[in-house]
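Here's the structure, in structure tokens; my notes come after.
Please treat every number below as a calculation from the coordinates, not as lab data. Please read all numbers here as calculations on a predicted model, not as lab measurements. Here Cβ is always computed from backbone atoms with ideal geometry, including for glycine, and neighbour counts include all displayed protein chains.
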Amino acid sequence: MHIDLKKEIKESGPGRTGLIILLLMIAVALLAPVIAPYNPYQQSTASLLPPSWNHWLGTNHVGQDIWSRLVFGARTSLLVGFGVGILSTLLGTIFGVSAALLGGLYEKVVMRIVDAFIVIPMIIIVILISAYIRPSILTLILLLSLLSWQGGARIVRAQALSLKERGHVAAARSFGAHHFYIAWRHIVPDLGPILLVDFIYSVRRAVFMEAGLAFLGITDPTVVSWGMMMRDALSFSYLDVWQWWLVPTGVALSLIIIGLTFVGHAAEPVIEPRLRGAEVA
Amino acid sequence: MFSKRNLVAYTIAFLFILVLNFALPRMMPGDPLMAIYGDEALIAMTPELKAQLVERFALDKPLWQQFGAYFLTLFQGKLGYSYYYNAPVLSVILGRLPWTLLLVGTSLVFSTMLGIILGIESGWRRGSRTDRAMLAGLMSLNGFPDFFLGMLLLIAFGVTLGIFPLAGALTPYSGLSGLALVLDILRHLFLPVAALTLAHLANGYLLTRNTMITVLKEPYMLTAKAKGLSQRVLKYRHAGRNSMLPVVTQTGIWMGRVVTGALFVELVFAYPGVGYLTYEALLARDYPIIQGVFLLVAISVLVANFLIDLSYPKLDPRVSYAY
Amino acid sequence: MLEIKDLRVSYGQDVILNGIDLELGSGETLAIVGESGTGKTTLGLSIMCLTEGTVRGVIRFNGKDLLTLSDNEMQQIRWSQIAMVFQNSNNVLNPVYTVLNQIMEPMVEHGLKSRDEARDRAAELLRYFGFPRDRFSAYPHQLSGGEQQRVLLAMAMANNPELLILDEPLSSLDAASRTEVGNLLRETDKHGAKLVATHDLDTVSKLADRMAVLYGGKIIEAGLTRDVLSRPRHPYTRALIRAYPNMTTVKDLQGIKGRMTRPVSGCPFHPRCTQVIDICRTKTPHLVWSEGRHIACHRGGIITLLSTKNLTTSFGSLKAIESVDLHIEAGETLALVGQTGSGKTTLAKTIMGLHQPTEGDVYLEDAKVDNRGKDFYKRVQMVFQNPGESLSHRLSVLEAVMEPLDIQGIGTDEERKERAIQVLGEVELPQTRDFLNKYPHQLSGGEMQRLAIARALVLDPALLIADEPTAFLDTSVQAKILKLLLNLQEQRGLSMLYITHDIAAARKVSDRIAVMLDGRVIEEGPSSEIIAAPKQEYTKSLLAAASALHSTKSSGIEQQKLNSQ
């Protein structure tokens, strides 16, 4: 199966759009100190001001510049998103490949755990834990990763199982290669496209989760988060202020998620070739 | 699909939840009773009650005995007492549950049905402008978090246009009954359902559309066309029926999340369901409620999956074969 | 009822059907015969207007051109007037509905029956096709291949269509079911017309009155089934029959050289045809009516390569051969069977010009042969009985094979050597230098005969006369030589006159057999007919005396042992 992932994404209209959006967001996050005129934490008495030349999106209820907070919020979303994405894909790969290669009791145990976690809704566990401990960004990334690697593990294991039976793996085994070598040299490289798709969807889920949890007020309040901004904006929904406070924030959040969705969708034919256009049989 | 494998997985899930529920409060520094009941609760308790609870939960005994006591208490259906609401946890939760079920149930029905129909139509016309527009449109819609959608709807229709009420499940103290009551409930229900439906529409749509694309390539579609059947029959009776299966399974899985699925929307609309309850309990650090909800989630997830496993063979005759 | 004119179907660049003309009347069954990929399924689908390719031409059904109808109009015709039995495969039936339901569906949807009536009729159809009663509510995945085929048949007959198109209807059935279902199909709906697309000649012989052979997107031969199968006139049809294992023909199986390709111009079969001439490569032949059937071949079908008329050769007063009328077609083997002294060798030598006939003529491709010059011998060669004698012990292997080329003065020395070595490869002899330098007395009997054959082939003849070529060889060697001859025929399209006293061997290598007795040909015909139903007494006696392996003797004790088991 030799499908060029980069080509798939670039050739699809939505894929291109999504990629552009993501790159834009990453640029904004990286350039935050440059494009944000104010310190996002600096409070002032100029609260709930409408947009003006001074404050492009006005100010919030404690006088902070909304545009600056918006720009810095991108950092949080992307940091958590990609952090969880990387960690959970890593864990998923490790467990998935090891389960496929080692088999036996180990595989059974791992897969039961995977099945169990997939079934439980992530959010309630996070809420329960958050009731006792207030997670910092790092803890949040860790926690979300521990709860979301299972989906990828299942897919990776399935793929690794089929790869295991391929000729070149059998050949390597006949040379006396042990599991780690086989995993590293023969299986993981072929997993590339699947891992990427799993990664994209993990990031998407994590961005959503972080925003949602911030919206609930569970996450670290010292960090600028779009979810938290929306939560604050909610209490003032009877004022006009929602137009420049709530909407840009919500749209920014939605844009990142849409961008990830589009890219993920364009990359999907990698796993399910039958979804491709008329070119393929 | 109904198999030992699933049963084992569900049991592990359930046990995990139980253990988590058990372990967390006891891992906290300080008085475990406080961790279980929350500080506010503790203030309200008399020393005798405290001693009683310590004994009930075996808090002065070794850990394994505590777990045994915990398990026993659970088994007796005693989920504890909420000091914040001044009522047994079970009754508080059960009081809120119907609203959540109403909300999630309704929106699930709508979003699934609409998603399936749109998915069928889109898949049938794959590649056309209509299809591409629907695809882009629904994928974009999917990117909007449900709370954002809820807020937009609230502001647009509730605040600005004033068509729908802003909060709650019914107008308080209105003393309505019969048809008027039903209408009132529906008016309050409309925006939250709309928000949830729109947020989850794309899931069913995408899945149906994808399945539809593969189904249309199957030989039996040519056979059906050769039979001179109308487009409608081909689309729905033949292709659609076969494309529905994954979505229905998915819906079943989402049913398991029924308790938590509407959490954000309930929050936005102050809808008095279990989600909102969880949030309130979180703010108030009312641990018994939170743990009670957690358990409820565990049970509903298991039940939902079990039901799906049972009903799948009826939907796909090929599966009963594997029984 | 059905008339197809110049139907062309293509998928993008691929041309699948390249101008098909057909006619089918009520009550007739026409078989479209072709191997996979020839477009028979596409033909069926085109009639139902279900192909996704570009379709041009005319398909007239009951006067209406189907290709001009709107989708709505076609939808009404489908399954009510024209129905199709699809090739049996996985997922050809919808997996989520019962078989009864799927048979009922077209009846109800076309408004022809109410649900109850439809159910009754569906049950009736299933019963008719031998589908077990207790399985009516089964789902497709629960059926065996044979059961599913019956369902497909029942479903197609649901609305009593006037035209039924069947795609490989019997292929997925076991032998017993094939006969049963074949009979059912023949009996059912005698007023309707049936079009059967298949590669299986058994199906054709069971079901069809007429058959049309499809190759390269064109019909290359069409006629009454019994005519075409017993006396095929197109090289492809003949090759197809020769490749098909069946209980009727007796010759060993042979393939067709080359692979199915679509040549850019000319006759689609020409790359694999063994009687190809220049025009075949450039112009596409049309399907014309000739002598009771349609055939598309520039040469009018398989040509007669060599024929003799009233040939008589006498030695003094003894008539060695008398009034011999024979013909050998291109690419076929005629076996001449008779005892010693029957005149077989004389006949061969007369044809070769080694004896002068006293009466009668020999014709090569319809041209009378008077003087046999080099040209004649380029086309007709002979392999003699005793290779030890026919090969000069003075010439090495290479020299022996090169000799005809030397005599005819063909090519340079290098070219002759190359050609000789190539031909040695064809007869499966070594091409090493050591071997080339050997002399006949250093070779085995089999090797010598191969060498003789190679020598005969080096001029690239069209006809090879083999006079008892295996007479001096061991049995196992004989088998290899016979196989070699069959292969050469398959590869080169060689015609052969195979002379033998052994009718059992003749049976395995010949398309036709001629029996000679006392200088006359007393019986002649297709091998399978001669073997199965000989007319002459002499022939019968030959067959009775021919080698057979069933033991005619068994002691009483052995018989008792058999009986008690």
- Message: Over the Cα atoms of the range C:151-253, each weighted equally, I'd like the Debye log10 I(q)/I(0) at q = 0.19 Å⁻¹, rounded to two decimals.
- Response: -1.03
- For the range A:1-144, what size does the Cα cloud have along each of its three principal axes, sorted from largest down, in whole Å? 65, 47, 22
- Query: In degrees, nearest 10, range 0 to 90: what is the angle between the Cα axis of helix A:104-119 and the longest Cα principal axis of chain A?
  - Reply: 30
- Note on the structure: Amide H neighbours of residue C:523 at under 5 Å, excluding residues fewer than 5 places away on the same chain, with H built from the backbone geometry, are C:515
- Query: Just in the range C:14-100: which GluC sites (Glu not before Pro) are loop by DSSP and have at most 12 other Cβ atoms within 10 Å?
  - Reply: C:52
- Item | Shape call, the range C:54-117: gyration tensor on alpha carbons, a/c limit 1.5 | oblate
- Starting from the Cα of residue A:30, step 7 Å along the direction of its Cβ; do the same at residue C:366; then give the gap between the two resulting points in nm. 8.4
- Whats the longest run of chain A with zero chymotrypsin sites (Phe, Trp or Tyr not before Pro) that are DSSP loop and have at most 13 other Cβ atoms within 10 Å? A:54-174
- Query: For chain A, the longest stretch holding no GluC sites (Glu not before Pro) located in a DSSP loop with at most 12 other Cβ atoms within 10 Å is which?
  - Reply: A:1-164
- Return the Cα extents of the range A:73-172 along principal axes one, two and three, sorted largest first, each rounded to a whole Å. 50, 28, 15
- Query: Taking a quarter of the surface of the convex hull around the Cα atoms of chain A, what do you get in nm²?
  - Reply: 17.9
- Message: Which three numbers, in whole Å and largest first, are the semi-axes of the equivalent ellipsoid of chain B derived from its Cα gyration tensor as √(5λ)?
- Response: 44, 27, 15
- Order of B:81, C:439 under a 10 Å beta carbon neighbour criterion, fewest first: C:439, B:81
- Note on the structure: Expected vector for the range C:104-110, Karplus 3J(HN,Hα) from phi with 6.51, -1.76, 1.60 and θ = phi - 60°, integer Hz, x for Gly and Pro, equals 5, 3, x, 5, 6, 5, 8
- In terms of modelled amide H atoms, which long-range or inter-chain residues lie less than 5 Å from the amide H of residue C:219? C:21
- Item | Cut-off 18 Å (backbone N to label point 7 Å along Cα→Cβ of residue C:209), residues of the range C:166-193 | C:166, C:183-193
- Cα axis of helix C:115-128 to longest principal axis of chain C: angle in degrees, 0 to 90, nearest 10? 20
- Note on the structure: Under the Karplus relation with 6.51, -1.76 and 1.60 and θ = phi - 60°, whole-Hz ³J(HN,Hα) for the range A:198-208, x at Gly and Pro, equal 4, 4, 4, 5, 5, 4, 4, 4, 5, 4, 4
- Query: Given 37 °C and 0.692 mPa s, how large is the Stokes-Einstein diffusion coefficient of the range C:10-157 in µm²/s, with Rh as the Kirkwood radius over Cα pairs?
  - Reply: 192
- Note on the structure: Over all pairs of different Cα atoms in the range B:190-260, the reciprocal of the mean inverse distance gives a Kirkwood radius in Å of 13.7
- Semi-axes of the range C:296-452 from the Cα gyration tensor (sqrt of 5 times each eigenvalue, largest first, whole Å) come to 32, 21, 15
- Message: From zero outward in steps of 5 Å, how is the percent of C-alpha pairs of the range C:494-540 spread across the bins?
- Response: 5, 21, 36, 26, 10, 2, 0
- Task: Set the Förster radius R0 to 35 Å, insert the Cβ-Cβ distance between residue C:68 and residue C:257 as r into 1/(1 + (r/R0)^6), and round the FRET efficiency to 0.05.
- Result: 0.25
- Please compute P(r) over all alpha-carbon pairs of the protein assembly as shown, binned at 10 Å starting from zero, and give each bin as a whole-number percent. 2, 8, 12, 14, 13, 12, 11, 9, 7, 6, 4, 2, 1, 0, 0
- Query: Please report, for the Cα atoms of chain C, the Rg to one decimal and the Dmax as a whole number; what are they, in angstrom?
  - Reply: 28.7, 92
- Message: So if I place +1 on the C-beta of Lys and Arg and -1 on the C-beta of Asp and Glu, and nothing else carries charge, what would the dipole magnitude of the protein assembly as shown be about its Cα centre? I want it in debye, nearest 20.
- Response: 760
- Query: Using the eigenvalues of the Cα gyration tensor, what equivalent ellipsoid semi-axes result for the range C:381-420 when each is taken as the square root of five times the eigenvalue, whole Å, largest first?
  - Reply: 21, 11, 8
- Using all C-alpha to C-alpha distances in the range C:343-391, build P(r) with 10 Å bins and read off the rounded percent in each one. 22, 54, 22, 3
- In Å and whole numbers, how far do the C-alpha atoms of the range C:241-373 stretch along each principal axis, longest first? 58, 37, 30
- Message: Nearest 10 degrees is fine. How inclined is helix C:413-426 to the longest principal axis of chain C, computing both from alpha carbons?
- Response: 60
- How big is the gap, in Å, between the Cα center of the range B:225-291 and the Cα center of the range A:92-133? 23
- Whole-Hz couplings from phi, Karplus 6.51/-1.76/1.60, listed for the range C:488-505; x for Gly and Pro: 4, 5, 5, 7, 9, x, 5, 8, 9, 10, 9, 9, 7, 9, 9, 5, 5, 5
- Task: Could you tell me whether the range C:171-327 comes out rounded, prolate or oblate from its Cα gyration tensor? Rule is a ≥ b ≥ c as square roots of the eigenvalues, rounded for a/c under 1.5, then prolate if a/b exceeds b/c, otherwise oblate.
- Result: oblate
- Message: With N set to the number of residues, divide the alpha-carbon radius of gyration of the range B:72-203 by 2.2 N^0.38 Å and report two decimals.
- Response: 1.39
